[in-house]
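Here is the structure we will look at.
The values are calculated or read from the model by the stated rules, or taken from the named source; none is laboratory data. Bear in mind that the values here come from a model prediction, so they are computed numbers and not experimental data. When we count neighbours, we look across all protein chains shown, and the Cβ atoms used for this are built from the backbone with ideal geometry, even at glycine. The area values use the complete protein model at the heavy-atom level, side chains included, leaving out ligands, DNA and RNA. Shrake-Rupley method; radii C 1.70, N 1.55, O 1.52, S 1.80 Å.
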Amino acid sequence: METPSNWEDRLARWQNELELFEQLDETPWVTLAKAEAETGVSRSALRSWYRNGEIQSRLADGPNGPQRLVQLDAVIERAAASPRIQRRAEREVSLEAQVSLLRHRVDQLELRLAALERK
């Protein structure tokens, strides 16, 4: 027969598991690799964020042993609050705009070159 304290411990663990399942249903938990790929935030930054308590993380059994999981929504939210990450994103957008502009100019030059060759 279980003692009251053992039963209370088991009940508390079960309630914690239920809360975890509820949380898992609300927001996706992903590996650090997936969070990095989805958000562009480096793994070292992700590790720093969960170690400092800025985002939540969990360990879960994976195919190669325990894996660290983080809430993707929390990573996105934390990244939006990071001026450094925002500057990097702006640079990337700026680079994309520059590439687009250069492609357009190359297309124009190719048209002009083709017109000159026809003469």
Practice item. Please enumerate the residues belonging to segment 1-30 that are closer than 14 Å to ALA74 by Cβ and either open to solvent by less than 90 Å² (accessible area, probe 1.4 Å) or at pLDDT 80 or above (or both). Key: GLN23, LEU24, THR27, PRO28, TRP29, VAL30
Review point. What pairs can you find where one residue is in segment 92-119 and surrounded by 10 or more Cβ atoms within 10 Å (Cβ to Cβ), the other is at pLDDT below 85, and their Cβ atoms are less than 9 Å apart, with a gap of 6+ or different chains?
Key: GLU92/GLY40
Review point. Any chance segment 34-57 includes a residue that's modelled with pLDDT under 90 and surrounded by fewer than 11 Cβ atoms within 10 Å (Cβ to Cβ)?
Key: no
